[in-house]
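The values are calculated or read from the model by the stated rules, or taken from the named source; none is laboratory data. Since the model is a prediction, treat every value here as computed from it, not as a measurement. In this analysis, Cβ positions are derived from the backbone assuming ideal geometry, glycine residues included, and neighbour counts consider all displayed protein chains. When the accessible area is computed, the model is the full protein with side chains, heavy atoms only, and any ligands, DNA or RNA have been set aside. Shrake-Rupley method; radii C 1.70, N 1.55, O 1.52, S 1.80 Å.
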Amino acid sequence: SFFYWIIQIPIKPLINRFAGFVLVNNDEERKQFSKALVVLGAVDLERIKVWQSEFKKLPKIYDSVFQVRFHPQKGVLELIDIWKIVVSYKPDAKLVMIGDGPLMERVKWKVKREKLENNVILKGYLFDGEEKYKVFSQSKIVLHPAFYDSGGMAAAEAMAFGLPCIGFNLDSFKSYYPKGMIKVDIGNLEEFANIVVSLLNDQSMRDRVGAQGQDMIKKNWSWDIRAEEIFNEIHQ
């Protein structure tokens, strides 16, 4: 991380001097450059809409879903600690984890050590499409416990299915997820788990927060909207 940071010291002035403008991921990064455009992510809403028209109502068999690269910044190992607390309140609670990465073997080891084999399902990496969309449709909540993130697309895709999200209160999430995500103090695993349990016990709250997030994604996160924003900026 130190070398990643120090390399930017000579590069950033060159970018500010010669770039017409810079595409960045969030409002915090925009402060680093004199001419910058915030480009949030986007979700393939048309593809999801087609899939949902064919598979309208599927049973909810997973309590929570998690989709990210299995990397330390994403809170992957901490999520196992969170889920252990959830299981202490709800012994049958099931978490499905989508993704792969350098922490996969440690995740498997930790799930086994904590005796959560019946509570945590590891799906590995799933491409966009039927299998992943089915998991989202059959889940109640999406979890995104990243400790630092420039924005993040993983939660948005699940939120397009009407899932409420829980994440840590990162600066980048203020612009990315102003709605649909309940934010927890960074590193407070106990509070994170308690909110998971509260949401699982309160369907009306899940429906309300999930609907807010879904509406935000549908209005602001399509590829067409994102492309138009970039084009308009270039045109100006």
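Hey, any idea what % of the chain's accessible area is carbon plus sulfur with a 1.4 Å probe? Roughly 54 percent of what the probe reaches on the chain is carbon or sulfur. Applying a threshold of 18 Å to the alpha-carbon distances of LYS110/LYS183; LYS94/LYS140; LYS94/LYS115; LYS134/LYS183 flags LYS110/LYS183; LYS134/LYS183 as lying beyond it.
Suppose only helical runs count, i.e. DSSP H with n ≥ 4. What mean residue ellipticity at 222 nm does that imply for the chain under -39500 (n - 2.57) per run, divided by all residues and rounded to the nearest 500 deg cm²/dmol? So the helix-based figure for the chain works out to -15000 deg cm²/dmol. Could you name the aspartates and glutamates in cross-link range of LYS123, using Cα to Cα under 16 Å and dropping any fewer than eight places away on the same chain? The qualifying aspartates and glutamates are ASP63, ASP100, GLU105, GLU131. Relative protection proxy for 62-70, 206-214, 115-123, from highest mean packing down: 62-70, 206-214, 115-123 (other beta-carbon atoms within 10 angstrom).
Look at where the Cα atoms of the range 22-85 and of the range 173-236 average out, and the two centres are 9 Å apart. Here's the list of lysines a cross-link from LYS31 could span, going by alpha-carbon distance under 16 Å and ignoring same-chain residues fewer than 8 apart: LYS12, LYS174.
Computed over the range 23-73, relative contact order equals 24 percent, with contacts defined as Cα pairs under 8 Å that lie 6+ residues apart.
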